[in-house]
Amino acid sequence: MLKRNSIIAIVFFLSIACSQDKKEFHYKSQDEITGGFSDFKLDLESTGKLKLSIKLANNESNNEAGGLISFKERIISGNWSYNDNKINYSLFQTQSFIDSIANEMGINKKIKLLTFSKKLDTAFIYEIPCIKIIQSKN
């Protein structure tokens, strides 16, 4: 019984240690690149969950006083893993949903939604660079 408890304790310790070592990545677009008319934010959480937020400007009206712009947000979720200095991911949304976002943005549907630089310091959303950001943990 003591041997079994020791094995359980070791497995428990290793599972906690491994879960705490899981990497986390956060990326954000910059206004200099998007002109402030779109915004991309990618969060790769330590839980293995992926969340991509795409905000697109919608020009609702134009008059002498200027234009009225609203934003609509599209959320894409999935899972991700980190192996051999490479990020692998799978998305929960259908290809037709992802194609519809590309269409709204005026982007060729053949362009891949999400890629990463070799150093993993930049994520590319439809080839638009999003820079890795540092977030403090509370």
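When the C-alpha to C-alpha distance is required to be over 25 Å, the pairs from Lys23/Lys51; Lys49/Lys72; Lys72/Lys119; Lys22/Lys55 that qualify are Lys72/Lys119; Lys22/Lys55.
Annotation: Ser53 carries an accessible surface of approximately 10 Å², with a 1.4 Å probe and no ligand, DNA or RNA atoms counted. A crude spin-label estimate for the pair Lys49 and Met105, with each label 7 Å from Cα along the Cβ direction, gives 2.3 nm.
The values are calculated or read from the model by the stated rules, or taken from the named source; none is laboratory data. Source: prediction; values computed, not measured. Note that we place each Cβ from the backbone using ideal geometry, even for glycine, and neighbour counts take in every protein chain shown. The accessibility values were calculated without ligands, DNA or RNA, using every heavy atom of the protein model including side chains. Shrake-Rupley method; radii C 1.70, N 1.55, O 1.52, S 1.80 Å.
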